[in-house]
1. Calculate, in nm to one decimal, what Ala181 and Ile296 gain on full extension: separation in residues at 0.36 nm each, minus their alpha carbon distance.
2. Suppose the chain between Ile396 and Val109 were pulled fully straight at 0.36 nm per residue; how much longer would it get relative to their current alpha carbon spacing?
3. Between Val269 and Lys360, what FRET efficiency comes out of the Förster formula 1/(1 + (r/R0)^6) with R0 = 22 Å and r the beta carbon distance, rounded to 0.05?
4. Rounded to whole Å and ordered largest first, report the semi-axes of the equivalent ellipsoid of the chain derived from its Cα gyration tensor (root of 5λ).
5. Can you tell me which of 251-257, 76-82, 404-410 comes out highest on packing, and rank the rest after it, using the mean Cβ neighbours within 10 Å?
6. Return the lysines within reach of Lys36: Cα separation strictly under 24 angstrom, same-chain partners fewer than 8 residues apart disregarded; answer none if there are no such residues.
7. What residues qualify as long-range amide H neighbours of His129, i.e. H under 5 Å apart, gap of 5 or more or another chain, H built at 1.01 Å from N?
8. Do any chymotrypsin sites (Phe, Trp or Tyr not before Pro) in the range 135-208 lie in a loop, going by DSSP, with at most 11 other beta-carbon atoms within 10 Å of their beta carbon, and if so which?
Amino acid sequence: MLQRLPSVLFAAALFWTTVALARTPDEQLPQPLTLKEAVNYALAHHPSLKAQIGAEEAAAAKLDIARSEYIPRGYVGFQENRATGNVVPGAHFNMEGIPPIAGPPRDRVFDSGVWGSTAGLSLSYDIAHLTQKMALVDASLADRRGTQADVDARLLSVAFGAADAFAAAVQADRQLAAAHASLKRAQVFQSTVGALVRSGLRPGADAARAAAETAAAERNLIKSEELNGLSEEQLAEALGAAGQSVRIAPGRLASRVPPEEASAVSISVHNPSVIAAKQSVLAAHDREHAAILEYIPRIEIATALFGRGNGLFPGGANLGFAQGLVPDTPNWAAGVVITIPILEYPEIRAQADLAKAEKKIASAHRSEVVQQIQTQVDSARTILKAAFRAAKEAQIELDSSHAAVDQAEARYRAGLYGVDPVAESLRLRAQAEADDAVARVDVWRAKLLLARAVGDMGPLLKSIDEANGEDR
């Protein structure tokens, strides 16, 4: 599976994953956890990948079954029995469990019977349907490639899910840090106002207003702590480690906005979802071809080498009471058997129509998948452009709020401002810090989203490596 993936980085990650799969299921998460470690851990432990790998193994087994049809049918048989030998002239249809009796008519005596034995080897091969068998093998091969692509798609989804959940946890962590800073500033401002009120330089209403701002900052901190806890729990689930505690090392996700550069505008030829849909069409086409070939008469080359022994037949080995236990009369046969299933043609025609309809469904599904993925690519590019713009504006907002707070506090202490402008500037700074933290990470999340939509793990892992640069 590794050689199919377009990115050398992804191949290396999957090699690491194969080694990691041998570890115990209760392996603890690295602490603190970097983005790269989060993705690697998810690829090694996420339970959904086990089902996909099982599906790939099943597809490989079905391909082996289809290829086994190339082998001639052959049987080796041996039989011992004890039975009577009364023969009745005339014909009768075969009945399940009723053995045939050969030989001249005998008395109608229900005696104790004699020994009989048969041993032989038989081979047969349908040469007329060799092309049909090849078509069915091609269909199974396409199914296997489609299943492999489904596994790759799931790997891509798990890697993106872990990376996006990590980014969401970084956002929550930065918002929590901003809430702590906001509370600290509110507390400092409340202390300053309290000192001015006690000295009689400011009215008591200012102290009440400052206390209200501190309470609002406390409430915002509580909400931020809740959001941070939930994001860590969701990250643990995305990693396949639900219930374990998570501590993250944000790295560049929190400290640096990636450079704005030209991004992919079309679906990658390596997109696993598109590959899977394409292979479904190829498999449906091969099955339709195989269904049409069922009209061809069956032409079997058959051969057999066998021997029989029977106590009713004089001559051969003289074994007394055990006469017939050993096959002592050899025979061979070879021939060509032609079968024209004329009464099966309506069923064959229906099967061909069904295969044709399934081909149309597969083709329509492929077109639908391409449409959906192209929409995802276009949407992700739009989100990325907006994220870059929002990050720039958030930086301006943050710088301006810092200056506004400094000026408002200075003017308040000088008696030029009331408490309201200062409180408003503190709230604006708190909001600006939270907005900046979210905007920075949103750019990385948009880059990850675009890489997933394009369907190539290379850009995704490149973004992860870039974001991992300053971890720890």
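None of the figures in this text is laboratory data; all of them are computed from the coordinates on show. This is a predicted model, so every value here is computed, not measured. Cβ: placed from backbone, ideal geometry, glycine included. Neighbour counts: every protein chain shown.
1. Additional length available on full extension: 33.3 nm.
2. Answer, rounded to one decimal: 92.2 nm.
3. The calculated FRET efficiency here is 0.35.
4. Square roots of five times the eigenvalues give 81, 25, 18 Å.
5. Packing order, densest peptide first, comes out as 251-257, 404-410, 76-82.
6. Of all the lysines, those that pass the test against Lys36 - Cα under 24 Å, at least 8 places apart if same chain - are Lys50, Lys447, Lys462.
7. Ile299
8. Answer in residue order: no site qualifies.
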